[in-house]
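Here is the structure we will look at.
Bear in mind that the values in this text are calculations on the coordinates, not laboratory data. Model, not experiment: these values are computed from the prediction. Glycine gets a Cβ as well: all are built from the backbone with ideal geometry, and neighbour counts include every protein chain shown.
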Amino acid sequence: MAFTIIKNGRVLDPETGLDAVKDVVIVDSKILEITDDINVEDYLHNNEMIGETEENDIVLDAEGCFVMPGLIDLHVHFREPGFEEKETIRTGARAGIRGGFTSVCMMPNTKPVIDAPDTLAEVMDIAENTTTLQVHPIAAITANQDGEYLTDFQTLYDNGAIAVSEDGKSVMNARVARQAMRLAAEIGVPVFAHCEDINLRARGVMNAGKRAKSLDLYGILNEVEDIIVARDIILAKDTGAQLHLCHCSTKDSVELIRLAKEAGVNVTAEVTPHHLTLTEDDVDGTDANFKMNPPLRKKEDRDALIQGLKDGIIDCIATDHAPHTEEDKKLGFKQAPFGIVGLETAVPIIYTEFVEKGILTPLEMAEKMSYNPAKVIGVDRGRLQVGADGDVTIIDPNFEFEINPASFFSKGKNTPYAGKKVKGLVKATIIDGRVVYQNNGRNESIIETVEHLDEDYY
Ligand code: DOR
Ligand code: ZN
Ligand code: ZN
C-alpha cells in the first residue's frame, strides 16, 4: 500500500465546483480522502483502517499551487511508427507528462496509418512498455487515410481505439463521410473531425487576406474550415453520430457549433492554445514555427474562440501537438510542413494568457483541460473526488520562467513561443497514484519506467 499525500493545495474539481485549500490523500491508485489539514503521521503510521504502509509514500507540499484533476489532451501526434525522427511515443509521452498531462489521444496519421488492428496493437504495445502516460490511440476513418474505404470501426474500437479520425485532412467525399458517421453512430465511437476543404485550400499556407498578400503567400480562407464544419454537423444531425470538431479556428465555426448545440446535435469542439493567443499578424512569412493547419486567423476570429470557450460552446482546449524536425521547419514558410508542438507550453500559456488575466477561472481551466475532455472520450477521469482515479496535476501559478525549446522532452522544438516569459509551472504529474514527474523550478525529475520495462524500446 503506497500513499501520496498532497498538502495545502488549492484543490479544484470542476464537477462539484470544489475550489478550496485542502489536503488530498491518494492510496495506491485511488483518491481516498480530501480534507482540511490532515496529519501526515496518521496516514503513514497509525491509521489502522488502512493498515501498514510501504516505504514509497510521498508527501508533496502544494502550498500556493493549483491541484487539478490530471490534464487530458484529446489531440496529439506522436509520429510512431514511421516518423520517429520527429517524435516517438516515448518522447511524446515524456513531453506530455512534463506538460502536466495524464492522458492523451494520439492521432492516426503515422506510417503505416493506424487503420488496422496490427498497427493499433503495435502502438498500444509501445505505449504500455515505455510510459505511464495513458495513450489512447485514435483509428483512421479510411484505409491509409485515402478517403475511399472505411476501416473496420467495430474491430478497431473493440481493440482499444478511443475514436476515429482522418486528422491531417478531412474525408472529402461526402458519401464516405456520411457512411462513416452512420457506422460510428451504430457502434458508439466518437468521430474527431479535422475540417478542411482541400480543394478550396489549394496551395494556401497562411490565413487568406491582406496579411498573406503583403507577404506574397497563398491564403487559406475561413470557408475552407466552415464548409466542412457545416457539412459534418449536418451529417451528425442526420446520422446521430457523436461529432467532435478538432482545432476550431474561425468565428463562423463557433457560430455553427452554437446553432448545432441549440438544435440538440451531439457535437463538441476543441480549440488550441495557439489559436486562442496568436493571430495572422504574428506570421512574418519566414518563421515556419507560425505555420500550422488550420492557420492563425484574424483577431476577430481569435476573440470569438475565446468567447466561445468561455460560453461553453467550445468544450475543450487541446494542443494538436505536431512535432517536426528543425530541418523540416527550415524549408521556408511555403515548403515547411504544418504544425507546432504544444504539450510543454499549454499550461503556462493558458495560465498566463487567460487565468492570470481573469478571463478563465482556475476551475474553468481544469474543466476545459481535464473534465470536459474526459467526457468527450467517455473515460471516468477528470474528477478530483474521493473514489476517483489518482490522476492529478499540480501547477505553481506564481513561478515565472521563459519558454525554452531546448529544455523540451519532445523531439520537436517547433514552437512559436520560444523566449516568451510565462507563469504556471507544472510542479508534479501524478498518474494512477504515482508521482511520475516533479519540478521545483530548479531540478526536475521524471519517473517514466513502467513495471516491466522492455529495454528494446529505448
Ligand atoms: O498543423 C497541423 N499539423 N495540422 C494538421 O492537421 C496535421 C498536423 C501534423 O500532423 O503535422
Ligand atoms: Zn488536424
Ligand atoms: Zn492534428
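Counting only lysines at least 8 places from Lys329 when in the same chain, those with an alpha carbon closer than 21 Å to its own are Lys86, Lys111, Lys169, Lys291, Lys411, Lys413, Lys420. Remark: spin-label model distance Glu327-Ile38 equals 5.1 nm, labels positioned 7 Å along the Cα→Cβ axis.
Beta bridges assigned by DSSP with both partners in the chain are antiparallel in approximately 55 percent of cases. Taking segment 334-423 on its own, what percent of its Cα-Cα pair distances exceed 17 Å? Taking all Cα-Cα pairs of segment 334-423, the fraction more than 17 Å apart is 59 percent. A Förster radius of 25 Å combined with the Cβ-Cβ distance from Leu259 to Ile187 puts the calculated FRET efficiency at roughly 0.40. Stretched out straight at 0.36 nm per residue, the stretch from Asn56 to Lys334 would grow longer than its current Cα-Cα span by 94.8 nm.
For the chain, the longest stretch holding no trypsin sites (Lys or Arg not before Pro) located in a DSSP loop with at most 12 other Cβ atoms within 10 Å is which? After excluding every exposed loop site, the longest remaining stretch is 1-202. In degrees between 0 and 90, to the nearest 10, how far off the longest principal axis of the chain does helix 299-311 point, with axes built from Cα atoms? Tilt of helix 299-311: around 40 degrees.
Here the spin labels are modelled as points 7 Å beyond Cα on the Cα-Cβ line, and at Asp152 and Arg442 they lie 5.7 nm apart.
As a length-normalised measure over Cα pairs under 8 Å and 6 or more apart, the relative contact order of the chain settles at 20 percent. For segment 348-390, the residues whose backbone nitrogen is under 20 Å from a point 7 Å from the Cα of Lys30, taken along Cα to Cβ, are 379-390. Suppose the Debye formula is applied to equal point scatterers at every Cα of the chain; what is log10 I(q)/I(0) at q = 0.11, 0.12 Å⁻¹? Normalising to I(0) and taking log10 leaves -0.83, -1.00. Here Lys298 is the anchor, and the lysines within straight C-alpha reach of less than 18 Å, apart from those fewer than 8 places off in the same chain, are Lys210, Lys213, Lys251. With contributions of -39500 (n - 2.57) from each DSSP H run of at least four residues, the per-residue ellipticity at 222 nm computed over the chain stands at -7500 deg cm²/dmol. For the chain, the longest principal axis of the Cα atoms and the long axis of helix 89-98 meet at an angle of about 60 degrees. Model label points for Ile198 and Ile359, set 7 angstrom from Cα along the Cα-to-Cβ axis, are 3.3 nm apart.
Around the amide H of Leu74, modelled in the peptide plane, lie the amide H atoms of Cys105, Thr319, all under 5 Å away and 5 or more residues distant in sequence or on another chain. Loop-located GluC sites (Glu not before Pro) in segment 120-198 (DSSP state not H, G, I, E or B) with no more than 12 neighbouring Cβ atoms inside 10 Å: Glu148. Per residue, the convex hull spanned by the alpha carbons of segment 178-335 comes to 109 Å³. Candidate cross-link partners of Lys7 among the lysines, defined by an alpha-carbon separation under 24 Å and a same-chain spacing of 8 or more, comprise Lys22, Lys30, Lys423, Lys427. Between the residues Leu217, Gly160, Pro273, the greatest Cα displacement towards the positive end of the dipole of the chain, with unit charges on the Cβ of Lys, Arg, Asp and Glu, is found for Leu217.
Compactness of segment 6-159, taken as the C-alpha radius of gyration over 2.2 N^0.38 Å, stands at 1.36.
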